[in-house]
1. For the stretch 140-268, what does the equivalent ellipsoid look like in terms of its semi-axes, each the square root of 5 times an eigenvalue of the Cα gyration tensor, given largest first in whole Å?
2. Give me the base-10 log of I(q)/I(0) for the stretch 187-232 at each q in 0.14, 0.18, 0.19 Å⁻¹, Debye formula, one uniform scatterer per Cα, rounded to two decimals.
3. Mind jotting down the distance between the C-alpha centroids of the stretch 649-663 and the stretch 307-335, whole Å?
4. Based on the alpha-carbon gyration tensor of the stretch 408-555 and its eigenvalue square roots a ≥ b ≥ c, which shape applies: rounded if a/c is under 1.5, prolate if not and a/b is larger than b/c, or oblate?
5. Using only the alpha-carbon atoms of the stretch 211-348, report the extent along each of the three principal axes, biggest first, to the nearest angstrom.
6. Using a Förster distance of 22 Å, how high is the FRET efficiency between His513 and Ala582, based on the Cβ-Cβ distance and rounded to 0.05?
7. Within the stretch 717-746, what residues put their amide N at less than 16 Å from the label point 7 Å along the Cα-to-Cβ vector of Arg702?
8. Rounded to the nearest 500, what is the chain's calculated 222 nm mean residue ellipticity when only DSSP H runs of at least 4 contribute -39500 (n - 2.57) each, over all residues?
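Since every read-out is calculated from the coordinates, none of them should be taken as a lab result. Just so it is clear, the model here is predicted, and its values are computed rather than measured. Virtual Cβ from ideal backbone geometry, glycine too; neighbours counted across all protein chains shown.
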Amino acid sequence: MMKKYFLRIFLGSMLIAGAVIGSLFIPLPRQDFRKQSVQSLRVVDRHGIVLREFLNDQEGRGIWKSLTEISPHVCTATISVEDKRFYSHFGIDPIAVGRSIVQNIRALHFISGGSTITQQVIRNVYHHPRTIPNKLLEMWYALRLERMMTKEEIVEQYLNRAPYGNQLYGIEAASRWYFEKPAGDLSPAEAAFLAALPNSPSLLNPNKNPDAPAVRQKKVLQRMYVQKFLTKEDYDRACVQPIQLISTEAQFKAPHAVEVAVESSSPAHGGTIQTTIDFAMQEQIQWLMRGHLKKLQSKNVNNAAVIVIDNATMEIRALVGSVNFFDMKHNGQVNGATALRQPGSAIKPFTYALALEHGMTPATVFPDIPTAIPDHHGDYVPENYDKHYHGPVRARTALACSYNVPAVRVLQSVGKSALLNKLIDVGCSSLNKDAEFYGYGLTLGNAEVSLLQLTTAYAVFPNHGMWKPSRIVLNAGATTNMHRAFDEKTAFLITDMLKDPVARRPAFGRNFHFPFHCAVKTGTTKDYKDNWTVGYTTTYTVGVWVGNFSGDEMRRVSGVSGAGPIFTDIMMFLHTVPFGMAPADFEIPNGLIQCTVCARSGKIPAASCSKTLQEWFVQGNVPTDQCSIHKEFLVTDRQGGTTRRVFEIFPQEYKQWTITEGIPMPPPSAAPIVQKRTNDSYKLSIVSPNNGDYFTIDPILRSEYQTITISGFIPESCRNVKLKINNEKEIPYSSQGIQWKLKKGVFRFQLIAMNHNDYVVSNNVYITVE
C-alpha cells in the first residue's frame, strides 16, 4: 500500500515536471514580437529631413533597426551593463537572481530583480506589473523565448524596445534624438551613454539632468573594458570623448508646421508624413524673425508668425507659428499661423477687387473727407491712420496708401454682404457671423482671420484670380478643389495697384523697395495689438504677423515698422540662391488697355491738367468724360494786367476740405476761360449729375419729392438706350431723362446703348447720398 502511494506521488511529480518542461517548448505568440508594434509616426520635410516623431502604440517613439544596422558598441555596452552572462545563460541568470534575493533581504524592500536581457524583453512586450507572481511568469516566458529565438534576435528585440527616456523606445530613436545620428554610427562613448539610460529613464533623463547619465556612462565604459569589449586605447579615448547632446529646440524642428500637418492628414499610428516644408528655408526665416524681434523688444513686441506659399503648387514651404516654441514667458507654443486675429487694412484688396468687378477702375475717385455712414450699429465714422483727410483720391492711391475713408466708401458701393461672401469664398471660413455683425468695419479688418487663411486668400491674385487651397502634406496629391474667385483682369489690376511704389509713396515713403515686382499690403489694428504684411511675387506669397499672444498692445508699431521689415527681408531671401531667382514679371491679360488720365480727377485730361499719368482699364470701361477739376481763369492783377491761371474747382462736398487744406480759389474778378469741347464730348455720356456729387436726404420733406434727374447726351446713332444703376435692373432711358428717388448709399450710373451693331457704354458717374 505504501509502495503504491509513493509510486503515485512519483508519477504525479514526473507528469508535472514533464508538463513544465514540455511547456518550455511551447512558443510564445510571434505577433507579440512583431516589429510594427514600435513603429512611430515620423514627420519629415520635403527633402526627407525628420522634423518630429510622434508616439507609437507604446506611447513612445521608435524606429525598428536590425542588429546589423546598429553599432556593435551598443550591443557590447548593453550586455556589459545589463546582462554580462547573456550568452551563457538560458533566459534566467541564477547567479544574478541569488544576488538580488540577498540584496532585497538586506534592504528589507525590493531594490533589484536580477533580470536578464531576455526577461526585460518579456517585460517590454507584456508590461506585467512588478509582483512576485508576475516575476515568476516573466521567468517562464523568458525560458520559452530563449527556445524560439537566437541570442542575436533577443538582443535585437531588446535594443528596439528598451526605454531611453523622453518617450523614446529603441536605440535608433534615442540615437537620433540625443545625437542626431543613426544608431549604426555611435561611438563607444555614445553607445555607453545610451546603454546607461534604460536602467532608470526618468532619473537619468539627459535633457533634465545631464550629469547623472554621464556618471553612469563611466561605469558602463569600465565594465566594457573589464569584460574585454574595449581595448585600453579605446577605453581611454572613450573616457575623454565629450558628449554633445542635441538641444531640445533642434529635436523639435518646425513644431507648429508639424502640428498643422498631422492635424490635416489624421494619420494612423506608424508611417511617415512628408510635408511640403523646406526646413532649410524655414530655419533661415526663423533666424530672420528673431533678429528683427530683438530690435522691437523695447516697443513691447515679443512674437511673430510667417507663412510662405509656393504660388504654382499652393504648397506651404514655411510655417513659423512663433519666434521660439519653447519660450513659455511669451506663449511660444501658441501657433500664430492659425490663431485668429484682426487683419486690419490687410483685408482691403478684396474690397477693391470686388468693386473692380462692379465697374470701378483704378482711376475712380472717392472722397476722402469726414464721413458718417448710418448702419446697424449707428453712425459709422471711419478715420484714416494718419488722422488726415486727402480730398478726392483715386482708387489706386487709396488702396496703395491704405486710406480708410475711401475703403469704406468703396464698401458702400459693393455692399457688406457681398464682401463677406467673397472673403468666405477665398477661404476665410472663420467669418461665421452675418454682415451686419461686422458692419462697415469689415473692410478695415475688424473680423478675425488666421494668417494662414489670409495668405492663402492673397495667392488668388498671383494665380490670375483662381483660388486654390494651400496644402502642407506633400504626398496628399494635388488638390482639385479650386474655383475662379476673380476675373484675371481684376487680379492683375489689384496686383498692379499693390506693387506701385509711386502710388504708396505718400503714406509709406520708400519702404518696400524691391529690385523685382512685388505686391504688398500692410495692416495694423487700431489698438496696436496686431500688425500684418502680406504680399506676393509671381513665385511666392508671404504673410507676416507681428504682435503679442498675450494681447498686450505694442508701442505704436505698425505693419510698416513691425511686420514690414520682416516681410522685406524674407522676400529678398526667397528670391536668391538656393531657394529661387528673381521672379518673373506679372503677365498682362488680354482685355486691358492703358490710357492717360488726370492725376487728380482720374478722367481724360483737359488742356489745363498739368499732371497726368498712365492707367490701366478694362476695355469698354475707359473714362470718356474730361477732367472738370482743373479750370483755367483769366486773372486781373493790381496793375490791370491779366494772366491765365489754373485753379482746382471741386464739387460742393469738398468745400470744407479745401478750406482746411488752404487750396487757393479764383478771385471774384477772375473770368473762366471756356475751352472747346473735344470730340470725346459727343460720345454717349451722362451729363447730370456730376461724378462725385453729394446729396443729403431731407428728414422732413416727403421722400417722393426728393428726386434727381439723370440726364445724358445721346448721339443720333445710338438706340435702345438704358440706364444701369449699380447692378440693378436696367431702366429704359427717355429723352427727358429719368427721375430717380434718392436713397442712402453710393451709386454708380452708366448709360448703355447700341451704336449701329456695336454695344457702347457711357462714362461712369458715382454719387453719394446720405
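1. Sorted largest first and rounded, they come to 28, 23, 13 Å.
2. These q points yield log10 I(q)/I(0) values of -0.31, -0.49, -0.53.
3. Computed from Cα coordinates, the inter-centre distance equals 48 Å.
4. Rounded, since a/c falls under 1.5.
5. Its Cα atoms span 75, 43, 23 Å along the three principal axes.
6. FRET efficiency, His513 to Ala582: 0.90.
7. Those under the cut-off are 741-742.
8. It lands at -9500 deg cm²/dmol.
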